[in-house]
Amino acid sequence: MPGFQSEKQLVRDYYAALSAADHDALPIVMAKFCAPDLVWRGYHPVGLLNGAETVATTFWQPLKHALTSLQRRTDLFFAGRHLLADDGAVWVASMGHLMGLFDQPLFGILPTGKVAMLRYGTFHKVENGKIIEEAMYFDLPHLMVQTGQNPFPPQTAQHLVQPGPMTHGGLLFDDAPEAEGRATLAAIEAMISDLGSWNLGIPLEEELRRTWHEDMIWWGPEGIGATYTIPRYAQQHSGPFRAAFTNRSATGHICRTAEGHYGGFFGWPNFTAEHTGGFMGMPATPGRVEFRVIDFYRREGDKLAENWIFIDLLHVWAQQGVDILKRTTEIG
């Protein structure tokens, strides 16, 4: 099958143009690289946006005004076709940090005048030389902790400024062999199949060992944190999460793809569940909760070794009547 060089180059040029653009040029950049009716999905408080100009004025202009001298530090970059669709469209994915000097308020978060790093994960759907859809998931609570404005109680895992893959091989600017991408998708599919609705019927650590390496690393979002090895992942995230949420729906993705040893997916939402137990210091609430998630994976052999995950926890709590961002930024 044809490779992904033209789509990758388009996205790389898009990134370079966004980085170079001043405030007034950002709508021009968006118009050059994106379809006028671009569908853009972002995390709370931005949400779903329609139109390239709207994205420029609602997200990029406020971000670049707040984080001056902004630079993109990319740790993962790959492309592929959505496993569950037959439209032939190519998706380009990347992950890393947007780093700048936090000089002006952003969504109510007070600046520090110091360097700050905003975790991001993104998928771009490319057709006919334009980006027609984009998921831009960013870890705003992680940025808040860097400023001393911690929105959450103590988390079960660890706050870290998170690195890229241990192998330092995540930038697939050249196309990888198709067989490697198929192997990565197979590993991801096996994990999703085991995950199911959390009812495989075997002990959690035994379930995890079927598809994960023993020394797996789970780079989780702020509010949960990062954890290392199967036992600690089970103890510090997966176990508490499954205890807090029940009646999990099936998994649904807008894109699920892989290239080389790397793959990922995102949904809007990925799944829903009922909050029947306490979580992150919050009590249970009635009704179903939706989870908007981006996951990236590194495969080693036939199992998964690393996972970078973005969960819109601000949206999770907003559905339950708690505006975490507003509550935190209005203190004092």
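Here are the numbers:
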| quantity | calculated |
| --- | --- |
| Flag if Glu274 is out of contact with any strand residue (DSSP E or B) (no Cβ under 6 Å at 6 or more places or on another chain) and not basic (Lys, Arg) | no |
| Matching option when the condition is farther than 18 Å from Asn307 by Cβ, over 18 Å from the mean Cα position of the chain (by Cα) and part of a helix (DSSP H, G or I), among Ala186, Ala190, Ala179 | Ala179 |
| Failed criterion for Ala318 (all others in (1) out of contact with any His (no Cβ under 9 Å at 6 or more places or on another chain); (2) surrounded by fewer than 20 Cβ atoms within 10 Å (Cβ to Cβ) hold) | (1) |
| Matching residues, region 83-104, being surrounded by fewer than 23 Cβ atoms within 10 Å (Cβ to Cβ) and within 14 Å of Glu134 (Cα to Cα) | Ala89, Val90 |
| Candidate set from region 71-114 (those that are charged (D, E, K, R) and part of a loop (DSSP other than H, G, I, E, B)); member that is nearest to Pro163 (Cα to Cα) | Lys114 |
| Qualifying position, being among the aliphatic types (A, V, I, L, M), surrounded by 14 or more Cβ atoms within 10 Å (Cβ to Cβ) and either in a helix (DSSP H, G or I) or assigned by TED's automatic domain parsing to the domain that holds Leu63 (or both), among Met136, Met216 | Met136 |
| Scan of region 49-84 for residues that are touching a residue at least 24 places away in the same chain (Cβ under 8 Å) and aliphatic (A, V, I, L, M), ordered by number | Ala52, Val55, Ala56, Leu63, Ala66, Leu67, Leu70, Leu76, Ala79, Leu83, Leu84 |
| The lone exception for Asp13 - which of (1) free of Cβ contacts under 8 Å to residues at least 40 places away in the same chain; (2) of a type outside the set (A, V, I, L, M, F, W, C); (3) under 29 Å from Pro221 (Cα atoms); (4) part of a loop (DSSP other than H, G, I, E, B) it fails | (4) |
| Residue, surrounded by the most Cβ atoms within 10 Å (Cβ to Cβ), within region 159-213, restricted to residues that are of a type in the set (Val, Ile, Thr) and under 19 Å from Asp295 (Cβ atoms) | Thr184 |
| Single condition Thr112 does not satisfy, out of (1) buried (at least 16 other Cβ atoms within 10 Å of the Cβ); (2) touching a strand residue (DSSP E or B) at 6+ places or on another chain (Cβ under 7 Å); (3) more than 20 Å from Glu259 (Cα to Cα) | (1) |
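The values are calculated or read from the model by the stated rules, or taken from the named source; none is laboratory data. Note that this is a predicted model, so its numbers are computed, not measured. Here the Cβ is made from the backbone with ideal geometry for all residues, glycine too, and neighbour counts use every protein chain on show.
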